[in-house]
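Asks: Let me begin by handing over the structure; questions about it come next.
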Ligand SMILES: [Zn+2]
């Protein structure tokens with residue numbers, strides 16, 4: 001097993017095909033009616049966010065009020081109302097404590113994927129620690145749902161330049177795709193030279209599909225427009241424009257949200273003003289905006305939108321998904 005660091009050159013980020021939607025239908029067995037975008041949920045407690053790291057110690061997590069199930073059920077009901085499917089990137093820590101919640105997600109027809117084990121940023125882990133976290137989260141989730149877990153999203157999109165070794169670890173631990181490289185330039189995270197659309201990554205360890213969060217390119221700059229705080233704090237039109245832009249290129253845009261973002265009643269921690277705005281700002285806007293987004297765009301899970309099968313060489317699909325056609 002390759003444990004050496006293998007930096008990914010910018011050439012590797014050229015999209016591997018001209019478009020995900022390509023000549024195939026957007027979803028097998030369904031009439032094509034425009035691009036199906038990726039709706040994704042990062043399943044974590046309201047106190048586990050990166051912005052709260054200086055204020056809430058992991059040792060205290062077990063003593064704090066759990067609200068993740070209510071938020072997830074709100075999102076499940078929303079998706080059901082709109083006939084949409086989603087990918088849920090779930091923390092192993094949450095899955096250990098709420099296995100029935102993970103089962104409910106899978107039984108509702110959504111894709112279960114991994115958000116790592118304990119929300120530690122990749123930048124704060126050694127390759128060995130990261131591997132252990134990836135392995136433990138994947139095993140925990142697979143034990144609960146009884147099916148392979150293919151997708152991964154790093155806490156706080158923390159696979160940043162210098163941490164490309166993490167992509168090797170993901171391949172070696174059996175993941176087919178990653179959604180951690182946010183192609184923007186900003187303090188804290190971002191992989192500015194990453195491609196904006198779903199694409200194939202080739203590293204020393206093998207092949208991985210990368211599914212970056214949606215961005216909007218204006219004046220030569222990639223603006224984050226794919227969800228989260230940007231969705232709550234910036235105009236709705238930004239996210240809608242990003243998804244329309246993706247559809248215009250014939251590729252799915254990737255939208256993300258968290259259960260705590262549809263929970264305006266969550267308790268308030270005494271945090272800095274910037275963390276307060278980022279985490280608590282616009283919480284009451286999230287649900288009405290999500291209703292509108294789901295009414296205006298078609299969404300599926302990453303798996304359901306057939307993004308992997310369109311990008312991965314058939315040989316690899318056959319190895320990784322032997323049960324699928
Ligand atoms: Zn997270």
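Rule-based calculations on the coordinates, nothing more; no lab input. Just so we're clear, the structure is a prediction, and the values are computed from it rather than from any experiment. Neighbour counts run over all protein chains shown; Cβ positions are idealised from the backbone, glycine included.
Asks: Which order results if 60, 42 are arranged by neighbouring Cβ count within 10 Å, fewest first?
Replies: Fewest-to-most ranking of 60, 42: 60, 42.
Asks: For each of 246, 219, 163, count neighbouring Cβ atoms within 10 Å of the residue's Cβ, then give the residues from fewest to most.
Replies: Sorted ascending by nearby Cβ count, the order is 219, 163, 246.
Asks: Principal axis lengths of the chain from Cα atoms, whole Å, largest first?
Replies: Reported extents, whole Å, longest axis first: 50, 44, 42.
Asks: Please report, for the Cα atoms of region 131-262, the Rg to one decimal and the Dmax as a whole number; what are they, in angstrom?
Replies: Taking only Cα atoms of region 131-262, I get Rg and Dmax of 15.3, 47 Å.
Asks: Determine the distance separating the Cα centre of region 217-249 from the Cα centre of region 172-200; give it in Å without decimals.
Replies: Result: 16 Å between the Cα centres.
Asks: While we're looking at this one, here's another question. Dividing the alpha-carbon radius of gyration of region 91-195 by 2.2 N^0.38 Å (N being the number of residues), what value is obtained?
Replies: Rg over 2.2 N^0.38 Å, computed on Cα atoms: 1.06.
Asks: Using Cα pairs under 8 angstrom and six or more residues apart, how large is the relative contact order of region 174-325, in percent?
Replies: It comes to 19 percent, rounded to a whole number.
Asks: If you rank 257, 159 by fewest surrounding Cβ atoms within 10 Å, what's the result?
Replies: Ascending Cβ contact count within 10 Å gives the list 257, 159.
Asks: If you take every DSSP beta bridge fully contained in the chain, what fraction is antiparallel? Give it as a percent rounded to 5.
Replies: That works out to approximately 30 percent antiparallel.
Asks: For the chain, what does -39500 (n - 2.57) per DSSP helix run (n ≥ 4), summed and divided by total residues, give at 222 nm, in deg cm²/dmol to the nearest 500?
Replies: Details: 11 runs with 110 residues, N = 325.
Value at 222 nm, helices only: -10000 deg cm²/dmol.
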